[in-house]
Ligand SMILES: C[S@@+](CC[C@H](N)C(=O)[O-])C[C@H]1O[C@@H](n2cnc3c(N)ncnc32)[C@H](O)[C@@H]1O
């Protein structure tokens, strides 16, 4: 199926090897044939040490010639742990570490549950964590479109860091006037489905957003929606630094975060819902419980975590959505003027974005790589790197 990928990978110049940081180039058909012979002889290894068994159709290699990366169904597998090496390049110390267990758990959650579809044809992730009711649709759409206001309207590359399958149609509006949308995700299943929507206007990378295989200063706009809090608590800042690193000068990145239980407004609004649930549980009435699925890592930092001292650059605080999904499902109903209420909430978010971003459920961070503050930030980053 890799024939859906352009014959010439004209975007390879902006990618880099996730292990060595070197240039990447595609192997010729003759080189692929030779590697497939090595696979037949059990002499090509996965980074984690087992012999590669599946022959290659297309593949990339780093310019040092030590690491190989499979291209499967139009998706470039640029994850260190899924790279391939010869015996002499096996790193026995690192081999045993594998993909960190919490990342593997996130990957499994999405490959085995989140990005599979329900009988009604919606993604389990949306069904479980979003409000897909008709009464909320316009509000959800408007909040998703709010992101676009901050992005360069057109350009060459828009990076979607942890794109999932591009689950909502309006997400496609972000890259309407871009040459390519680069979809990066740990989930192969997500990227296969993203490719069905975007085709040759997408570049699909199974990669880790805390180690983006993309060169510095090459990207016109970055979006990262609803993901950073699924990254281990110590690595969230690194994911943001990586996004900033790849932005071109004067370009903007948008990151939608969740304050989780730190949103006092939502804690307060959700109180009646929680009490009702408790009472129902006590009186053994049927309580709606979510379906069985693997655990999903979640950690919400407070605002101090996102300081320029830690990140090496400043981010503005704005709002994506003020209220959480459980709060929406509890208070917003068609028969209770739900649509009008959501319209009013949307207007409030637009009038007081910083306040709503601070107290609400989903803040939106805006990072801008300004030319005039570049030197200052470089100094700050150097200071951060020096500890
Ligand atoms: C809640 S979904 C959000 C997807 C999409 N941004 C959206 O708003 O619909 C989180 C996504 O992040 C991906 N993800 C989590 N950690 C990642 C990492 N370290 N690198 C790349 N993708 C990651 C998951 O595989 C999943 O597809």
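Which one is nearest to the ligand (Cβ to nearest atom) among residues in the range 219-228 that are farther than 16 Å from residue 14 by Cβ and assigned to a strand (DSSP E or B)?
The residue in question is 225.
Tell me which residues, restricted to the range 198-226, are surrounded by 22 or more Cβ atoms within 10 Å (Cβ to Cβ) and under 13 Å from the mean Cα position of the chain (by Cα).
204, 205, 206, 207, 208, 209, 212, 222, 223, 224, 225
Condition check ((1) within 20 Å of residue 207 (Cα to Cα); (2) not in a helix (DSSP H, G or I)) across all residues:
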{"residue": "146", "(1), (2)": "no, no"}
{"residue": "149", "(1), (2)": "no, no"}
{"residue": "153", "(1), (2)": "no, yes"}
{"residue": "165", "(1), (2)": "yes, yes"}
{"residue": "184", "(1), (2)": "yes, yes"}
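Checking the condition within 14 Å of the ligand (Cβ to nearest atom), under 17 Å from residue 308 (Cα atoms) and at pLDDT 95 or above, which residue from 254, 231, 209 passes?
That would be 254, the only listed residue that is within 14 Å of the ligand (Cβ to nearest atom), under 17 Å from residue 308 (Cα atoms) and at pLDDT 95 or above.
Return only the number of the condition from (1) more than 10 Å from the ligand (Cβ to nearest atom); (2) closer than 21 Å to residue 206 by Cβ that residue 142 does not satisfy.
(2)
Being exposed (fewer than 14 other Cβ atoms within 10 Å of the Cβ), under 24 Å from residue 366 (Cβ atoms), touching a helix residue (DSSP H, G or I) at 6+ places or on another chain (Cβ under 9 Å) and not assigned by TED's automatic domain parsing to the domain that holds residue 20 narrows it down to one residue among 303, 262, 241; which is it?
The unique qualifying residue is 303.
Hey, residue 216 hits all of (1) more than 11 Å from the ligand (Cβ to nearest atom); (2) assigned to a strand (DSSP E or B); (3) touching a helix residue (DSSP H, G or I) at 6+ places or on another chain (Cβ under 7 Å) but one; which does it fall short on?
The one condition residue 216 does not meet is (2).
Looking at residue 177, is it in contact with a helix residue (DSSP H, G or I) (Cβ under 7 Å, 6 or more places away or on another chain), farther than 19 Å from residue 72 by Cα, more than 10 Å from the ligand (Cβ to nearest atom) and without any contact (Cβ under 8 Å) to a residue 40 or more places away in the chain?
It is false that residue 177 is in contact with a helix residue (DSSP H, G or I) (Cβ under 7 Å, 6 or more places away or on another chain), farther than 19 Å from residue 72 by Cα, more than 10 Å from the ligand (Cβ to nearest atom) and without any contact (Cβ under 8 Å) to a residue 40 or more places away in the chain.
Determine if the range 251-264 includes at least one residue that is over 25 Å from residue 171 (Cα atoms), without any contact (Cβ under 8 Å) to a residue 60 or more places away in the chain and not in a helix (DSSP H, G or I).
Looking through the range 251-264, none of the residues is over 25 Å from residue 171 (Cα atoms), without any contact (Cβ under 8 Å) to a residue 60 or more places away in the chain and not in a helix (DSSP H, G or I).
Taking the criterion of being in contact with a strand residue (DSSP E or B) (Cβ under 8 Å, 6 or more places away or on another chain) and farther than 22 Å from residue 247 by Cβ, would at least one residue in the range 147-157 satisfy it?
Within the range 147-157, none of the residues are in contact with a strand residue (DSSP E or B) (Cβ under 8 Å, 6 or more places away or on another chain) and farther than 22 Å from residue 247 by Cβ.
Say whether the condition of being within 12 Å of the ligand (Cβ to nearest atom) and in a loop (DSSP other than H, G, I, E, B) is met by at least one residue in the range 235-248.
The answer is yes; a qualifying residue exists.
Only one residue in 360, 338 is touching a residue at least 12 places away in the same chain (Cβ under 8 Å), touching a strand residue (DSSP E or B) at 6+ places or on another chain (Cβ under 8 Å) and surrounded by 13 or more Cβ atoms within 10 Å (Cβ to Cβ). Which one?
360
The values are calculated or read from the model by the stated rules, or taken from the named source; none is laboratory data. A quick note: this is a predicted structure, and the numbers were derived from the prediction, not measured. Positions of Cβ are backbone-derived with ideal geometry, glycine not excepted, and every protein chain shown enters the neighbour counts.
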